[in-house]
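> The structure's right below; bear with me while I get my questions together.
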Ligand SMILES: NC(=O)c1ccc[n+]([C@@H]2O[C@H](COP(=O)([O-])OP(=O)(O)OC[C@H]3O[C@@H](n4cnc5c(N)ncnc54)[C@H](OP(=O)(O)O)[C@@H]3O)[C@@H](O)[C@H]2O)c1
């Protein structure tokens, strides 16, 4: 292998611009760092500016390509802010090579007959409607890339088989799988944008601790350990993978090629 090829495989996202939602905490922060280490300019989207700034600082501390902080609330129901966000990205970066739609909320863990309607609507807005509104506005920027663009949605095992007491979260992840499939079919033969889902599996984050308060976090996989799939699916090496819903860990884990 030539030095050039070695360098390229070490930094498979060199020169690419990647948007990560929920980049201030948990899996999103780790993915943002992973993509920056792979050479990408990462656009850090999330609700809490301080948390995004902390991720930005982690990227700066490693002298990686300078990131950009984009505070944005996916609970926003009006379309205009999404249009403006896409315009801002277009003005500064001209294109997008990938999007990791990772932001999400858990909602309540309770039977449906106790579930608050307000919480239901909030979870569906953030986990489904906000993802649709964002990705819709980003499609023109994804089409601008000369490389293969990758869109990754984030699902869960409760989005493949319903589970009692997981309420809107479970339903929102079924919808996420559906959104991925619809978009994949629409784009399959018309563009170079590919669309997939990742199910991270049990991962040590704030959301996992909220869902399983009695669990010892030390027993749960760290976000860094599931990054090989996040990197692979964002990289040109996975160009043939399209319309899939892949597991990052567990018995059915996707085996990332060495
Ligand atoms: N951890 C697990 O075991 C596990 C398992 C299966 C699936 N998942 C999925 O993996 C993804 C990441 O989860 P995580 O465990 O890393 O959770 P997390 O640590 O709670 O992070 C969730 C992220 O979403 C952002 N977010 C929430 N509401 C938002 C809003 N209204 N607008 C913009 N950003 C918002 C949060 O930022 P702010 O706090 O600033 O809003 C945060 O950065 C989620 O889609 C989750 O459903 C996780």
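Here, each number is a calculation from the coordinates, and none is a lab measurement. Predicted model, so just to flag it, every value in this text is computed and none were measured. Cβ sites come from the backbone with ideal geometry, for glycine too, and all protein chains shown count toward neighbours.
> Take the alpha-carbon centre of the range 6-85, take the same for the range 207-258, and report the distance between them in whole Å.
Centre-to-centre distance over Cα atoms comes out at 18 Å.
> Sticking with this structure for a sec: At a 10 Å Cβ-Cβ cut-off, how would you order 143, 77, fewest neighbours first? Intermediate results must be reported in sequence, preceding the final value.
Numbers: 143 15, 77 11.
Taking fewest neighbouring Cβ atoms as first place, the list is 77, 143.
> Report, in degrees rounded to the nearest 10, the 0 to 90 angle that the Cα long axis of helix 80-93 makes with the longest principal axis of the chain.
20
> For residue 77 and residue 185, compute 0.36 nm times the residue count separating them, minus their Cα-Cα distance, and round to one decimal in nm. Walk me through the numbers before you get to the answer.
On the way: separation 108, 0.36 × 108 = 38.88 nm, distance 2.57 nm.
Extending this stretch completely gives an extra 36.3 nm.
> Can you tell me the FRET efficiency between residue 211 and residue 237 if r is taken as the Cβ-Cβ distance and R0 is 25 Å, rounded to the nearest 0.05? Intermediate results must be reported in sequence, preceding the final value.
On the way: r = 32 Å, r/R0 = 1.30.
Efficiency, rounded to the nearest 0.05: 0.15.
> OK, next. Do the sum for the chain: with -39,500 (n - 2.57) for every DSSP H run of n ≥ 4, divided by all residues, what is the mean residue ellipticity at 222 nm, to the nearest 500 deg cm²/dmol? Show your work: numbers first, answer last.
Details: 9 runs with 104 residues, N = 258.
Counting only the DSSP helices, I get -12500 deg cm²/dmol.
> Using only the alpha-carbon atoms, how far is helix 26-37 inclined from the longest principal axis of the chain? Give it as 0 to 90 degrees, nearest 10.
The helix 26-37 is inclined about 0 degrees to the chain.
> Let me ask another. R0 = 25 Å: FRET efficiency of residue 57 with residue 222, Cβ-based, nearest 0.05?
Values: r = 20 Å, r/R0 = 0.80.
Here the calculated transfer efficiency is 0.80.
> Here is a follow-up. Taking the Cβ of each residue in 63, 172 as the centre, tally the other Cβ atoms inside 10 Å and list the residues starting with the fewest. Walk me through the intermediate numbers first.
On the way: 63 7, 172 28.
In increasing order of surrounding Cβ atoms, one gets 63, 172.
> Tell me the Rg and the Dmax, in Å, that the Cα atoms of the range 117-258 produce.
15.9, 48
> Could you give the nm distance between label points at residue 143 and residue 161, where each point is 7 Å from its Cα heading toward the beta carbon?
4.0
> Return the distance in nm (one decimal) between the two label points of a simple spin-label model at residue 93 and residue 112, each offset 7 Å from Cα along Cα→Cβ.
Computed distance between label sites residue 93 and residue 112 equals 3.9 nm.
> Just to be sure I follow: if Rg is taken over the C-alpha atoms of the range 80-178 and Rh is the Kirkwood radius over the same atoms, what is Rg/Rh?
Working: Rg = 15.7 Å, Rh = 14.7 Å.
On the Cα set of the range 80-178, Rg over Rh gives 1.07.
> Among 18, 126, which comes first, then next, by fewest other beta-carbon atoms within 10 Å? Numbers along the way, then the final one.
Working: 18 26, 126 23.
If I rank by nearby Cβ atoms, fewest first, I get 126, 18.
> I need the semi-axes of the equivalent ellipsoid of the range 3-247: take the C-alpha gyration tensor, multiply each eigenvalue by 5, square-root it, list largest first in whole angstrom.
Working: eigenvalues 150, 83, 66 Å².
Largest first, the range 3-247 gives 27, 20, 18 Å.
> Modelling each spin label as a point 7 Å along the Cα-to-Cβ direction, I'd like the residue 255/residue 84 distance in nm, to one decimal.
5.0
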